[in-house]
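Structure first, commentary second.
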There are 2 protein chains.
Amino acid sequence: MDEIKLGMVGLGTVGSGVLAMVQKHAAKISAVTGRQLVVKTVVVKNPQKHQQVADLVHLTTELDDLLNDSEIKIVIEVMGGIHPAKEIIEQMLRAHKHVVSANKDLIATAGQELIALAKQNHCDLMYEASVAGGIPILRTIADSFAADQITEVKGIVNGTTNYILTQMSQSNRSYEDALKQAQKLGFAEADPTNDVQGRDAGYKMAILSRFAFGTNVAVDQFKVTGIDQVDQVDVQQAAAFGYTLKLVGIARLVDQRVFVEVAPALVNIHHPLAQVNNENNAVMVTGRAVGDTLFYGPGAGGLPTANSVLSDITTVTKNMILKTNGNSFNGYSHPLPFADATMVKDCYYLSLTLPDQPGEMQKLTTVMAELNASFSQIVQKASDQGEARVMIITHQMSKAQLNQLELALQDLGTIQLHCAYRVIN
Amino acid sequence: MDEIKLGMVGLGTVGSGVLAMVQKHAAKISAVTGRQLVVKTVVVKNPQKHQQVADLVHLTTELDDLLNDSEIKIVIEVMGGIHPAKEIIEQMLRAHKHVVSANKDLIATAGQELIALAKQNHCDLMYEASVAGGIPILRTIADSFAADQITEVKGIVNGTTNYILTQMSQSNRSYEDALKQAQKLGFAEADPTNDVQGRDAGYKMAILSRFAFGTNVAVDQFKVTGIDQVDQVDVQQAAAFGYTLKLVGIARLVDQRVFVEVAPALVNIHHPLAQVNNENNAVMVTGRAVGDTLFYGPGAGGLPTANSVLSDITTVTKNMILKTNGNSFNGYSHPLPFADATMVKDCYYLSLTLPDQPGEMQKLTTVMAELNASFSQIVQKASDQGEARVMIITHQMSKAQLNQLELALQDLGTIQLHCAYRVIN
């Protein structure tokens, strides 16, 4: 059987998963593709650290061992980070090698550029593993929603924050405790900033927006709010209202404009996203024809992510056999402007403290009434040191109304708005 | 822009959905495929019944209007049933037309034959819509699990029975009442036999088995149990044990053998399948590398199913552009024998009545002990006319042990086993 020789840059959790799968599932891969996949060369910083695979692959520190090896047709980039991953992928594409990457930061940031370079060199560039680990969401949107108009994609696309919020909700842990627990179990990194501040989810929503709507969205063009300010009090109150607090990325089509945001949200406990717990991820895709569909699975982990890398490799391999390389992973391009704050309407959960004295609640209701905003549920908690905590679920209001409300409350001076979370019913 | 002309046979709910989508989503389809799709000719029994689309398409009763029209490259079969759908598809393939079908009965029954004929004529034959309506499960298994070894596929793949069971569980309706309600709302047909007796789910599991394991399984080669014997008492007791009763199709790899079954099962309320309610469907795919993934969405309905048909059409269109037609929808072939009853192990829920008198429970426990089967939960309900109802959840036991248990209880004569449902934790 003909062999397809692969090169790889990086040999961490995902890279090791790829090595393991190529060997253990060789029979299945051959049955499906008619080719035998062989990882020939792996570029690593320190070959000494990877001696356990030294007799299986050629370990090297030299990129040239990939670049100058005409036998290697496909290069897998699993080193992560933007630089020098970007420059390495550029070199590989210019050397006419197909590239499979698991690098969300890079694809979200420099995807457009790299996609153009791949096309120019008649090479495939695929990155299924960059979003939601083991869930095959990008290829599904590209292939199975090709004829539907997607109206919204919303997802739990970061396992670290979902683990922390699940623990805060189910075990009543504080944010700090839950984070420590996540770090202990390997679900959070030593420096969890990118995860807990929502940036990682932001990268994924940028990529999902491109696939769903065909439009380019950069992560600094939309609002990203993490979970590091989430208060246990609000997690509890969410549950009392019949919701569970999740970090939700939303990409929505509003009147032929696009709205993207990552922020904590209250998800109705009967909504399928509410059942996605711990390190798992899920993406709900809503299409005009198909309605609501949900794709659930492990959001990270070596083998699940490796499976997404391998699905790219088998697709590139099929393209090589059919001589159809060089077509974009996502064939849909349809540039859209961003939606105005007046167009984006949701219900919100507001958590406030106000002085426990006559007239304060009236101030709040007056401000809301002036903004033409109303609420469906309200709870006042026992007063604490002269202050009352008030939690509200509003009726639908626009993002613009919410912004005005925040300003008006600042002007009042006595009422503090702790958070305003989107409500998903 | 170049046009691709389509023909269609049948114009029911799904056919009408296809017509609507091709028109309403024309811009998106063109953006993705670079071609304009036009439904040119539709073959129906009675053109008079479809006058509302008479100015959009050529309505005809003559198959020859498709067969002899060399402009028509792709034919959509949405008439359903095995005959004459099979003969019509054969004619189309022989006339070198690509075929997209939504016909599970036909694909499950005669799929192998038709696939061979398509290959022989270098034509595409795709049938995403034949399983789980709007959920893009077949293409996902074929493309995104190509390198993983799938170990189990289990799903709620029939919307009618799921609607009925949801109503029995949530509204305490009897089976008969819930069925009537389903018929009233259009979730069940006037003759619901194929759905409630599990045959429809059986067809889908046969197709899923082929995609997951590469092996051909016919619906009469495995056991299919429907929901028409499900008792409200057991639905309630399932809930009390922390489970919800669902009609679950299982296709499992056991020691390089395959096991397939459709039967009611108790699903742990924390399992993602337990949250799939009413007419919705979901398929859980477990891969050796990826672990558990779940695909959820509408299991039927005109537009959702039409979206799956359209995903096939856009794929065929891309293949036409790339000149890569004629490859199997499912590229994985790996014939496997069936697993023995001794190899297939599960926990079971047993519901029994026994005479409410001394020694009867001992007979039951003796039989179980002799078979080396044990239980983890047991409940005896208040006696009724001298009989006690006993519900048990067993530890893992093999299908062979279960069969022996059924025979042993028959031999005893006094203990009646009402049902033995698989337990999914």
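The values are calculated or read from the model by the stated rules, or taken from the named source; none is laboratory data. This one's a predicted model, so the numbers in the text were calculated from it and none came from an experiment. Because the Cβ atoms are built from the backbone with ideal geometry, glycine has one as well, and the counts that use them run over all protein chains shown. These area figures cover heavy atoms from the full protein model, side chains too; ligands, DNA and RNA do not enter into them. Shrake-Rupley method; radii C 1.70, N 1.55, O 1.52, S 1.80 Å.
Residue by residue, here is whether (1) touching a helix residue (DSSP H, G or I) at 6+ places or on another chain (Cβ under 9 Å); (2) within 23 Å of A:GLN197 (Cβ to Cβ); (3) assigned by TED's automatic domain parsing to the domain that holds A:GLY12 holds:
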{"residue": "A:ALA239", "(1), (2), (3)": "yes, no, no"}
{"residue": "A:ILE250", "(1), (2), (3)": "yes, yes, no"}
{"residue": "A:ILE269", "(1), (2), (3)": "yes, no, no"}
{"residue": "A:THR314", "(1), (2), (3)": "yes, no, yes"}
{"residue": "A:LEU336", "(1), (2), (3)": "yes, no, no"}
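The set of residues in segment B:118-136 being within 22 Å of A:GLY287 (Cβ to Cβ) and either touching an Asp or Glu at 6+ places or on another chain (Cβ under 8 Å) or not in a helix (DSSP H, G or I) (or both) consists of B:MET126, B:TYR127, B:GLU128, B:ALA129, B:VAL131, B:ALA132, B:GLY133, B:GLY134, B:ILE135, B:PRO136. If the condition is being at the interface with another protein chain (Cβ under 7 Å from one of its Cβ atoms) and among the hydrophobic types (A, V, I, L, M, F, W, C), then segment A:19-39 contributes A:MET21, A:ILE29, A:ALA31, A:VAL32.
Of all residues in segment B:64-96, those being surrounded by 13 or more Cβ atoms within 10 Å (Cβ to Cβ), more than 30 Å from the chain's Cα centre (by Cα) and not β-branched (Val, Ile, Thr) number 5. When you check A:TYR296 against the structure, is it assigned to a loop (DSSP other than H, G, I, E, B), facing chain B (nearest Cβ under 7 Å) and open to solvent by 10 Å² or more (accessible area, probe 1.4 Å), yes or no? So A:TYR296 fails the test. In segment A:352-363, the count of residues that are under 19 Å from A:ILE250 (Cα atoms) and either more than 9 Å from chain B (Cβ to nearest Cβ) or outside any loop (DSSP other than H, G, I, E, B) (or both) is zero. A:ASN372 fulfils the conditions (1) on the phi > 0 side of the Ramachandran plot; (2) buried (at least 18 other Cβ atoms within 10 Å of the Cβ) except for a single criterion, (2). For A:ASN277, the conditions (1) more than 30 Å from A:ALA20 (Cα to Cα); (2) open to solvent by 40 Å² or more (accessible area, probe 1.4 Å) are fulfilled apart from (1). A count restricted to segment B:101-140 and to residues that are charged (D, E, K, R) and within 14 Å of chain A (Cβ to nearest Cβ) stands at 3. Just give me the residues in segment A:275-293 being outside any loop (DSSP other than H, G, I, E, B) and within 9 Å of another protein chain (Cβ to nearest Cβ), in sequence order. The answer is A:GLN275, A:ASN280, A:ALA282, A:MET284, A:VAL285, A:GLY287, A:GLY291, A:ASP292, A:THR293. The single condition from (1) away from chain B (no Cβ under 13 Å); (2) under 30 Å from A:GLU279 (Cβ atoms); (3) open to solvent by 10 Å² or more (accessible area, probe 1.4 Å) that A:ASP143 fails is (1). With respect to the conditions (1) β-branched (Val, Ile, Thr); (2) within 22 Å of A:GLY249 (Cβ to Cβ); (3) facing chain B (nearest Cβ under 8 Å), A:THR315 falls short on a single one, namely (2). Might you let me know whether segment A:41-55 holds any residue that is within 11 Å of chain B (Cβ to nearest Cβ) and surrounded by fewer than 23 Cβ atoms within 10 Å (Cβ to Cβ)? No: zero hits. When we screen B:ARG252, B:ARG257, B:ARG210 for residues that are among the basic types (Lys, Arg), within 14 Å of chain A (Cβ to nearest Cβ) and closer than 30 Å to A:GLY17 by Cβ, the only hit is B:ARG210. For segment A:299-338, a residue qualifies if it is in contact with a Phe, Trp or Tyr (Cβ under 8 Å, 6 or more places away or on another chain) and open to solvent by less than 20 Å² (accessible area, probe 1.4 Å), and the qualifying residues are A:ASN307, A:SER311, A:ASP312, A:TYR332. For segment B:26-49, the candidate set comprises residues that are without any contact (Cβ under 8 Å) to a residue 24 or more places away in the chain and within 17 Å of B:THR315 (Cβ to Cβ); within that set, the residue that is farthest from the chain's Cα centre (by Cα) is B:ALA31. With a requirement of 2 or more residues that are more than 25 Å from A:GLY299 (Cβ to Cβ), the helices (runs of 4 or more DSSP H) lying completely within segment A:7-117 that satisfy it span A:26-33, A:64-67, A:85-94.
Contact map, segment A:55-68: first residue under 16 Å from A:VAL39 (Cβ atoms), second residue of a type in the set (Ser, Thr, Tyr), Cβ cut-off under 9 Å, separation 6 or more or different chains; pairs are A:VAL57/A:THR41; A:HIS58/A:THR41; A:LEU59/A:THR41; A:THR60/A:THR41; A:ASP65/A:THR41; A:LEU66/A:THR41; A:LEU66/A:THR60.
Screening B:ALA190 with (1) outside the structural domain of B:THR315 (by TED's automatic domain parsing); (2) open to solvent by less than 20 Å² (accessible area, probe 1.4 Å); (3) more than 20 Å from B:LEU303 (Cβ to Cβ); (4) not in a helix (DSSP H, G or I) gives one miss only, at (2). Selection of segment A:197-213 for residues being in contact with a helix residue (DSSP H, G or I) (Cβ under 8 Å, 6 or more places away or on another chain) and either within 19 Å of A:GLY302 (Cα to Cα) or open to solvent by 10 Å² or more (accessible area, probe 1.4 Å) (or both) yields A:ARG199, A:ASP200, A:ALA201, A:TYR203, A:LYS204, A:ARG210.
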